[in-house]
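This report refers to the structure that appears directly beneath it.
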Amino acid sequence: MWQNGQNVNGTLGDDLKKPRSSNDSHHADETRPVGIRTAAVHAGTPANGLTGASAPDIVMSTTFVIDPSVAFSADEINDETPFVYTRWGNPTIRQLESKLATLESAEDCIAFGSGVAAISALFLTMLKAGDHMVMSDVTYAAASEFANQKLPALGISVTRVDTSDPEKIRAAIQPNTRLVYLETPVNPLLRLTDVEAAVSIAHEAGVLVSVDSTFATPIGLRPIELGADYVIQSLTKYICGHGDAIGGALLGRSEDLKRLRTMAIHTGGIISPFNAWLIMRGITTLPIRMAAHQETALAIAEHLEEHPKITRVMYPGLPSHPQHDLAKRQMENFSGMLTFQTKDNLRAAQLLSDGLEIIHYAVSLGHNRSLVCYLSTDDLLRSSFHLTAEQEQSYRAFAGEGVFRFSVGLEDAADLIADLDNVLALL
Ligand SMILES: *Cc1c(COP(=O)(O)O)cnc(C)c1O
């Protein structure tokens, strides 16, 4: 028998439920029994009580032998329901959910087949015709496109605001607002939102708050500890960390997640147990990987800031970041994402794509391998973000005509710097 997660909605292992932060920070809590590195390795994955296997197993079975009394409707699943069918719940997926919930200080977690599956399940559960959402004017592109294109067709209205100014959230909330949707640091700008300030404004109006915390990971930011109701993670990025498994997660209070689990079962965007296992394996090194990502990203950001061919560098860990004070107050790790601009971005994009030897010119982020790609402001404003003139000004203040989004990997900083410098010399 599994000691943890033996039910679809099973309770998490109490012993490891609340990790202590490994840094001596403002989030530290005396009652927490273990540090976050210990939790990343141990939470959710005790030894197999039947076989004694120390490392987690993969349960690929789609169906489970049951008793005839077990109910068959998604609506009737409760804490006592055993595993029945993998779309409803699976031991390996449940172990991943347990581990993630522990790291995010959340009561519970639902894993999905991708980050976008988690986001769309949240929208479709929280919002119905006549409802309104306040959303960051810049978010992960697919979330923006879903909100711009699909939600209005369902009778759901969306107001997009620059959430780095919490007062803009207050001004946008209406009597029918059900959700404030945040992302910090936001992709691709690396602009931050003060989660505590946003939560206090939203909660005052009785509105729930979700935070896409993919760039920060629970090592950098734990929105639930700052009062947020939901956290979204694209597990595809840092949490997996190796660029070989797509997944997503939604975390929050057990009570609130019940409706979301029904939505996950009905829309069917579940994660494969194999991907869950790979991602769980990735998580065990998340805290030490994030420390390394941060150290290397800072070294590269400092180097690029002095580089004659580079016109601007944006990294929350640099004093030149416009919200560096908020970053220091809110984040325990500045992550490995930075952006830079050059004298001639389009030419630099071609040179980087042709000439880099270590870094891959590719989308995605959070992998062990460094990745860079150019994101043109005009392209993104046309396709994903439909901004007002004022919002566009705020966008351009961070991104100019476009940015190179650089996901700094786990290679040696000196090798990454040499790879970049070799190409930039041609610019
Ligand atoms: C990648 C990403 C997503 C979407 O995740 P997928 O796993 O690709 O569906 C959502 N939010 C952010 C911030 C991301 O970087």
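The values are calculated or read from the model by the stated rules, or taken from the named source; none is laboratory data. This is a predicted model, so every value here is computed, not measured. With ideal geometry, Cβ positions are generated from the backbone for all residues, glycine too; neighbour counts draw on all protein chains shown. The protein model used for the area step is the full one, side chains on, heavy atoms only, and it has no ligands, DNA or RNA in it. Shrake-Rupley method; radii C 1.70, N 1.55, O 1.52, S 1.80 Å.
Across segment 75-89, not a single residue is classified as within 16 Å of the ligand (Cβ to nearest atom), assigned by TED's automatic domain parsing to the domain that holds Ser213, farther than 20 Å from Ala216 by Cβ and outside any loop (DSSP other than H, G, I, E, B). Of all residues in segment 106-116, those that are of a type in the set (Gly, Ala, Ser) and open to solvent by 20 Å² or more (accessible area, probe 1.4 Å) total 2. Residues that are open to solvent by less than 10 Å² (accessible area, probe 1.4 Å) and touching a residue at least 40 places away in the same chain (Cβ under 8 Å) were ranked within segment 168-183; the one that is nearest to the ligand (Cβ to nearest atom) is Glu183.
For Glu145, the criteria (1) open to solvent by 10 Å² or more (accessible area, probe 1.4 Å); (2) part of a helix (DSSP H, G or I); (3) within 16 Å of the ligand (Cβ to nearest atom); (4) at pLDDT 95 or above hold in every case but one, which is (4). Restricting the first member to segment 224-246 and to residues that are more than 23 Å from Met126 (Cβ to Cβ), and the second to residues that are near the ligand (Cβ under 7 Å from one of its atoms) and assigned to a loop (DSSP other than H, G, I, E, B), the beta-carbon pairs closer than 6 Å and six or more apart or on different chains are Lys237/Thr214; Lys237/Leu365; Ile246/Ser114; Ile246/Thr236.
Just so you know, in segment 265-276 the residues that are closer than 19 Å to Lys99 by Cα and over 18 Å from the mean Cα position of the chain (by Cα) include one that is most open to solvent (accessible area, probe 1.4 Å), and it is Phe274. Candidates Val134, Val116: the one that is of a type outside the set (S, T, N, Q) and not in a helix (DSSP H, G or I) is Val134. The residue list Asp212, Asp229, Asp165 contains one member that is under 23 Å from Phe398 (Cα atoms), buried (at least 20 other Cβ atoms within 10 Å of the Cβ) and of a type in the set (Asp, Glu), which is Asp212. Please go through segment 120-142 and give me each residue that is within 13 Å of the ligand (Cβ to nearest atom) and open to solvent by 10 Å² or more (accessible area, probe 1.4 Å), ordered by number. Result: Ser120, Tyr140, Ala141, Ala142. Given the criterion in contact with a Gly (Cβ under 8 Å, 6 or more places away or on another chain) and either basic (Lys, Arg) or at pLDDT 95 or above (or both), identify the matching residue among Ser272, Ser320. Going through Ser272, Ser320 in turn, the sole match is Ser272.
Table: residues versus (1) of a type outside the set (A, V, I, L, M, F, W, C); (2) within 16 Å of the ligand (Cβ to nearest atom); (3) modelled with pLDDT of 95 or more.
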position: Gly220; (1), (2), (3): yes, yes, yes
position: Val231; (1), (2), (3): no, yes, yes
position: Thr236; (1), (2), (3): yes, yes, yes
position: Ile239; (1), (2), (3): no, yes, yes
position: Gly247; (1), (2), (3): yes, yes, yes
position: His266; (1), (2), (3): yes, no, no
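Just checking, does segment 330-339 include any residue being in the same structural domain as Asn368 (by TED's automatic domain parsing), touching a residue at least 24 places away in the same chain (Cβ under 8 Å) and surrounded by fewer than 18 Cβ atoms within 10 Å (Cβ to Cβ)? Within segment 330-339 (the criterion being in the same structural domain as Asn368 (by TED's automatic domain parsing), touching a residue at least 24 places away in the same chain (Cβ under 8 Å) and surrounded by fewer than 18 Cβ atoms within 10 Å (Cβ to Cβ)), the answer is no, since none of the residues qualifies. Of the residues making up segment 350-363, one or more are of a type in the set (Gly, Ala, Ser) and away from the ligand (no atom under 16 Å from the Cβ). Assess whether Ala228 counts as being closer than 26 Å to Gly317 by Cβ, in a loop (DSSP other than H, G, I, E, B) and small (Gly, Ala, Ser). So Ala228 fits the description; yes. Of the residues making up segment 304-319, not a single one is aliphatic (A, V, I, L, M), outside any strand (DSSP E or B) and within 16 Å of the ligand (Cβ to nearest atom).
Of all residues in segment 284-321, those being touching a residue at least 40 places away in the same chain (Cβ under 8 Å) and within 22 Å of the chain's Cα centre (by Cα) number 18.
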